[in-house]
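Read-outs throughout are calculated quantities, based only on the coordinates presented, and are distinct from any laboratory measurement. These numbers come from a predicted model, not from an experiment. Because the Cβ atoms are built from the backbone with ideal geometry, glycine has one as well, and the counts that use them run over all protein chains shown.
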Amino acid sequence: MATVHEMDHPLIKHKLSLMRDKTTGVKEFREAASEIAMLMCYEATRDLPLKEITIETPVSEARVQVISGKKIALVPILRAGLGMVEGILEMIPAAKVGHIGLYRNPETLQPIEYYCKLPSDINERDVLLLDPMLATGGSAIAAIDGLKRRGVKHIKLMNLIGAPEGVAAVQKAHPDVEIFVGAIDEKLNDHGYIVPGLGDAGDRIFGTK
Ligand code: URA
C-alpha cells in the first residue's frame, strides 16, 4: 500500500487555514499555495541521495555532503497544479517541468488526457506530480497512468488537500506512489468538492470565479 504522508507542521496548517478562508484574495491565496508546496517539498525530498565531496572551508579541508545528481521533474496537472510549481522550483531550481492536461468525458466521467508535454528524458527522472486538490483521485490516477506509460518509474504525488476517498483510490490504483498531502479533510460532497476544503483551487489561484 502506498505510504501517505500527511503534513504536521504549524506553518503548513496556518497557511492552509488562510487558503480555506473564503475572504482570502487571489494574491494571498496564490502565495500561500506556492509557499505550502515549497514547505512540502522539504518532506517529499527527504530521501534524496547524498554523496561526499571534499571542499576547503576558510578554516580547513572538509568532507561534506551534496545531493548526488538525482534528476527530478515537476509535473503539474493543468491548470491548478501550476500554482505549486514556483515554490518547488525555489528549492529545486534545476528540475525540469512537464505538463499534463486532463478533461472529464461528460458521458463516461472518465478523465481523458488532452495535453502532455514532458522532458525528453522523463523516463530517467523522478517525478513530483502536482495537483492542489485530491478529490475523487480520477485525475491523479489518469496522470500517473500516463507517466508510467511513458516509462516513469518513481512518482510522488503532492496535494495541498486530499479527500479520504481520493487518497484511498490512488493507494488502490497505484500502491507504489507515495502521497504527500497538506491535510486530509472530512469527505467529498455530491458536487465532488472536498469538505471543508477551499473551493475551486484553479479558480482561486487564477481569479477566474
Ligand atoms: N477540485 C477543486 O479545486 N476543489 C475541490 O474541492 C475538489 C476538486
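How big is the Rg/Rh ratio for segment 50-98, C-alpha atoms only, Rh by Kirkwood, two decimals? Spell out each step's value before the answer.
On the way: Rg = 16.1 Å, Rh = 13.1 Å.
Rounded to two decimals, Rg over Rh is 1.22.
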Q: Could you pull out every one of the lysines with an alpha carbon less than 29 Å from that of Lys27, ignoring same-chain neighbours closer than 8 positions?
A: Lys13, Lys15, Lys96, Lys117, Lys156, Lys187, Lys209
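Rounded to the nearest whole Å³, what is the per residue volume of the convex hull around the Cα atoms of segment 143-209? Write out the running numbers ahead of the final one.
Details: hull volume 7.3 nm³, N = 67.
It is 109 Å³ per residue.
So for the chain, averaging the separation of alpha carbon pairs under 8 Å that are six or more residues apart and normalising by length, what relative contact order in percent results? Walk me through the numbers before you get to the answer.
Numbers: 409 pairs, mean separation 51.7, N = 209.
Averaging sequence separation for qualifying contacts and normalising by length gives 25 percent for the chain.
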Q.
Please compute, for the alpha-carbon atoms of segment 71-111, the extent along each of the three principal axes and give them in descending order in Å.
A. 41, 19, 8
Q. Across the Cα atoms of the chain, what radius of gyration and what greatest pairwise Cα-Cα distance (Dmax) are found, in Å?
A. 17.8, 69
**Q.** Principal axis dimensions, segment 1-82 - Cα atoms, whole angstrom, descending
**A.** 54, 36, 24
Q. What share of all Cα pairs of segment 48-170, in percent, falls into each consecutive 10 Å distance bin?
A. 12, 38, 28, 12, 7, 2, 0
Q: For every other residue with a beta carbon closer than 15 angstrom to the beta carbon of Ile112, add +1 if it is Lys or Arg and -1 if Asp or Glu, then tell me the sum.
A: -1
Q) Kirkwood hydrodynamic radius for segment 125-169: how many Å is it when counted over pairs of different Cα atoms? A) 10.7 Å
